1. Applying the Karplus parametrisation 6.51 cos²θ - 1.76 cosθ + 1.60 with θ = phi - 60° to the phi angles of segment 171-180, what ³J(HN,Hα) value in whole Hz is obtained for each residue in order, glycine and proline being reported as x?
2. Taking 0.36 nm per residue of separation and subtracting the Cα-Cα distance, what length does fully extending Lys178 through Lys14 add?
3. Top mean-square fluctuation among Asn46, Asn278, Asn156, Gaussian network model of the chain, C-alpha springs under 10 Å?
4. Which whole-number percentage describes the relative contact order of segment 191-325, with Cα contacts under 8 Å and a sequence gap of 6 or more?
5. Just to be sure I follow: if Rg is taken over the C-alpha atoms of segment 97-218 and Rh is the Kirkwood radius over the same atoms, what is Rg/Rh?
6. Quick one: give the max-minus-min coordinate of the C-alpha atoms of segment 164-293 along each principal axis, largest first, in Å.
7. Going 7 Å from the Cα of Asp208 toward and past its Cβ, which residues in segment 321-335 have a backbone nitrogen under 15 Å from where you end up?
8. Let me have the relative contact order for segment 6-49, percent, based on Cα pairs under 8 Å that are six or more residues apart.
Amino acid sequence: MNEVTIKDIAEALKISPSTVSRALSDHPDISESTKKRVINKASSLNYNPNIVAQSLKSNKTKLIGVIVPEIEHSFFASAISGIEEVAYRSGYIIVVCSSEESYDREVVNTNALVSNRAAGLIVSISQTTTNSDHLKAVMKRNIPLVLFDRVIEDLNTSKVIIDDKNSAFNAVNYLIGKGYKDIAHLAGKQEVNICRLRFEGYCKALQDNNIPINENYIFYGGLHEQDGYNSIEQMIKQKNIPEAIFAVNDPVAIGAFKRLREEGFSIPEQIAIVGFSNNPIAEIIEPKLTTVNQPAYEMGRKAAELIINQIKSGESPPKFMTEILDTELIVRESA
């Protein structure tokens, strides 16, 4: 079977090959309706652009590198889907790397994508990343960079985030409004911006309601189920059980949920739990988890839009933007 070419698409639509080429490159002179017709026809004919040939011809690639802490995490999987949807529509392909929460691996991934001439990078940093030299090096080479979710706040680049502090404040304030006063926080590593901001939101809600912050109710760990499980294990050993728990994210909340159920606690009758991120499992467990809905797919879409606009503009220095997306407390049965 012969390989489908731009000429084949042009003949099928009865338009010129140059129009097809510009439509596939998302050229501003081509109308949205024509772009849509071309993309749909290219898809139906199984057209596969020769990315390497295009790169050699233009000295630019259509490759966007994406680095996330975990691919299997539902939040990042959803964000990647959002990135891919926008990238595909704009004629770009994405290459996804996982740092597996390792700073060293994040650096290796960054260097590999730069070496393979990525047109831009979209990054959510690992739990162990405290040094931004590898990302500063990307920017010094005028390679567009967008950070999302977990970001380095003092790095002057485009970002897609939520208001983590206010979202956490609203979640804890909801618990207080339900009559809970002894509220524990299963916190993440404070070096990670989202963990620190959610901790600050927890503290502010208590302070604004004249509830003393009890250091015995704060348990620092990571962002995985086992961290939540271990925190509850520590609580039980200390015989220090609160009325309610606010977890830094849903996996930690699920880990806490498991250990509490093993110990025979009734949720929410004996202890209430609120998570953060609205992972799919939040609706599956019994009782269903009250949690903050974090718009992962939309964060991915926005990050892709920012990086593609920056790539196309070619401005030096580029205009940096920070997109702050809305969250919502999803009230279910656990609190």
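Each value in this text was obtained by applying a stated rule to the coordinates, not by laboratory testing. What you see is a predicted model; the values in this text were computed from it and never measured. Glycine also receives a Cβ, built like all others from the backbone with ideal geometry; neighbour counts cover every protein chain displayed.
1. Whole-Hz 3J(HN,Hα) from phi for segment 171-180: 5, 6, 4, 4, 4, 5, x, 7, x, 7.
2. This chain segment gains 52.6 nm when fully extended.
3. Checking each option, the largest mean-square fluctuation is seen for Asn46.
4. 16
5. That ratio is 1.11, to two decimals.
6. For segment 164-293, the Cα extents along the three principal axes come out at 34, 28, 26 Å.
7. 327-329
8. Answer for segment 6-49 is 34 percent.
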